[in-house]
Amino acid sequence: MNTNQTDARIKALREIMMKRGIDATIIPQTDPHQGEYLADHWQTRRWLSGFTGSAGDLVVTHDNAYIWADSRYWLQAARQLDGTCISVMEDGKPETPSIAGWLCQTLPAGATVGINGMTFSINAARHLNTSLSSAGISLNVDFDPIDLLWTDRPSLPKTKAFIHEDKYAGETAQSKIARVLDNVKTSGAEAAFISDLAEIAWILNLRSADVECNPVVTSFLLLAPQGSTLFIDPDKLTPEITGHLSACGVATAPYSSTAESLAHLPESLTILVSGSQTGIAIHSRLGNRAIIGPSPAAMLKAVKNPTQIAGVRQAMIRDGIALVHSFMEIEKRMGNNIPTTEIDVADILRKHRSANPMFFDLSFDTIAGFGPHGAIVHYSATEESNATLSPDNLLLVDSGANYFDGTTDITRTIALGTPTEAQKHDFTLVMKGHIAIAQAIYPEGTRGAQLDALARINLWKEGLSYLHGTGHGVGHFLNVHEGPQSIRLNDTLAPLTPGMITSNEPGLYREGLYGIRCENLVLTQKETSTEFGNFYSFETLTLFPFDLSLFDTSIMTDS
């Protein structure tokens, strides 16, 4: 997008704000399902700003516009927003205010902030309202001007849904519904309203291609003992899907009827909703029926069953084979002086992965960053930025695939020529952290935040660090980013539990020089039991070697 187009769109938004009495608006990078990865229909912030990162919220007042971008996107946001009326707030730095804090400092008492209540979770909207109220600022949750601005907005996804077979899922949808409803009872509710697309796909053993690289089905799900309802576009249904749902006791209703249907449910029906996954507008429709609590499906989905784990092992074998072929091809091209670009690397990886009949799609857009581009954590090569590889620097490749029996995510940093001593030193510090996580043994109940320092301590000793998490949960033929567990500095309070699959990916980024990240997927497993309780460990699932030329063994221990 050119800068004039961005500025024109922000100007048009401000004109609507003035007509509606809105002094500021927040456009989050999410959808009514509070998702991280969005269908084109919901790429509102991207359309307005031109910034393409997968995270970062846009804030517009009558006089200012900012993107709050986290450390993964500071460099990318600055580059993409250069020359526009939008500036970057480097979220995560001590001096950067929160969005709510900035609005309270900037707007006068009596001002109004407008948001679309479908794209703000209950928790986020309540927190924002509390902050704004303290400064005498009102919150309007019914401000949604995008259809007036985005006249050629893509339609909602129409891709047909399909059944994820039990031989891959390892459990029937009927069994999952019963287990989720059992969890609902422990929260004091009778029913549950599920907004999260990955949870719906997992519960019902349904998949689609509604979101690029994420095989989810655009829908909402009401689970109730007396009869459940899937709110979905009828165009996405087939007779097979309708029969599958009917056998599970699940009726269907149009996606567009969700809010109205919820408002007409019996007043006596108590419905569990997740405060972090449900829009405040949905909560308003449910009224006193709603009980806010943790998702009844998140932990069930995160703990993989034996069939899923066996499938992931098979997926890792074929993924490793595809990676070996891919990197051999890249090395041969380099050896034969065939020009090879970052986009070529991504194309080569897709070619070899997709040759397998179990391949469905990539699990995310491949990150192939050569030299300085490797220091941009979520770099994505474009025709304009596409660098040609040469033997004088490092190549960072973060890639993965969704196979019908499992999801992969792997990062390798390789030297295309002879690495420098500085590159070897940095790489080895990162790998010492990676190995420490891989070898960790920890008691039952341990959370990722309690292990995170193992990955960073060798970097910290030299005044170095990285600002992203060390590990995220990974879905099973679903989203590559999955909660509730993670390994990061801030605690998500979810214990690492046998059956969970998590990434192990410390890194180090030298702006303008190179980036290093080393990632495998690990499975939490039981290690031993003693008089002090159960102890767990990680099994590394990923099957692909590291670049041995980058290790400086002089700073490593034997273990």
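The values are calculated or read from the model by the stated rules, or taken from the named source; none is laboratory data. Because the structure is a prediction, the values reported are computed rather than measured. Reconstructed Cβ throughout: ideal geometry from the backbone, glycine too, with neighbour counts over all protein chains shown. Remember, those area values only see protein heavy atoms, side chains included, never the ligands or the DNA or RNA. Shrake-Rupley method; radii C 1.70, N 1.55, O 1.52, S 1.80 Å.
Here are the numbers for this structure:
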quantity	calculated
Accessible area of Trp68 in the full protein assembly, 1.4 Å probe (Å², nearest 10)	10
Sites His41 and Glu539, calculated FRET efficiency, Cβ-Cβ separation with R0 45 Å, nearest 0.05	0.70
Sequence-separation-based contact order of segment 25-163, relative, with Cα cut under 8 Å and 6+ spacing, percent	23
Listed candidates (i) 1.40; (ii) 1.73; (iii) 0.98 - label of the one calculated as Cα Rg over 2.2 N^0.38 Å	(iii)
Inter-centroid distance (Cα atoms) of segment 537-553 relative to segment 439-469, Å	17
Segment 1-159: C-alpha gyration tensor shape, a/c 1.5 cut-off, then a/b vs b/c	rounded
Which listed pairs, of Lys432/Lys526; Lys11/Lys93; Lys301/Lys461, have C-alpha distances above 31 Å, in listed order	Lys301/Lys461
Cα gyration tensor category, rounded, prolate or oblate, for segment 419-559 with a/c compared to 1.5	prolate
Gyration tensor over alpha-carbon atoms, segment 423-491, equivalent ellipsoid semi-axes in Å	23, 14, 11
For Ala65, residues with placed amide H under 5 Å, excluding near neighbours	Ser87
Taking segment 310-365 and dividing mean pair separation by its residue count, relative contact order in percent (alpha carbons under 8 Å, at least six apart)	36
Segment 10-72: C-alpha pair distances exceeding 15 Å, %	50
Fraction of accessible area attributable to carbon and sulfur, segment 389-497 (%, probe 1.4 Å)	56
Amide proton proximity set for Leu206, modelled H, under 5 Å, gap of 5+	His164
Solvent-accessible surface (1.4 angstrom probe) belonging to Glu444, in square angstrom, nearest 10	110
Accessible-area ranking of Arg153, Arg207, Arg350, largest first, probe 1.4 Å	Arg350, Arg153, Arg207
Cβ-defined net charge surrounding Ala453, 14 Å radius [Lys, Arg +1; Asp, Glu -1]	+3
Average Cα contact separation per residue, segment 203-321, under 8 Å, 6 or more apart, as relative contact order %	16
Charged-residue dipole, Cβ positions (Lys, Arg, Asp, Glu), the chain about Cα centre, Debye nearest 20	580
Protein accessible area in segment 11-83, 1.4 Å probe - carbon and sulfur %	46
The chain, helix-only ellipticity at 222 nm - DSSP H runs n ≥ 4, -39,500 (n - 2.57), divided by all residues, nearest 500	-9500 deg cm²/dmol
Built amide H within the under 5 Å cut-off of Met500, gap 5+	Lys304, Thr524
In Hz, Karplus ³J(HN,Hα) per residue of segment 377-385 (6.51, -1.76, 1.60; θ = phi - 60°; x = Gly, Pro)	4, 10, 5, 9, 5, 10, 4, 7, 9
Centroid-to-centroid separation of segment 362-426 and segment 109-131 [C-alpha atoms, Å]	38
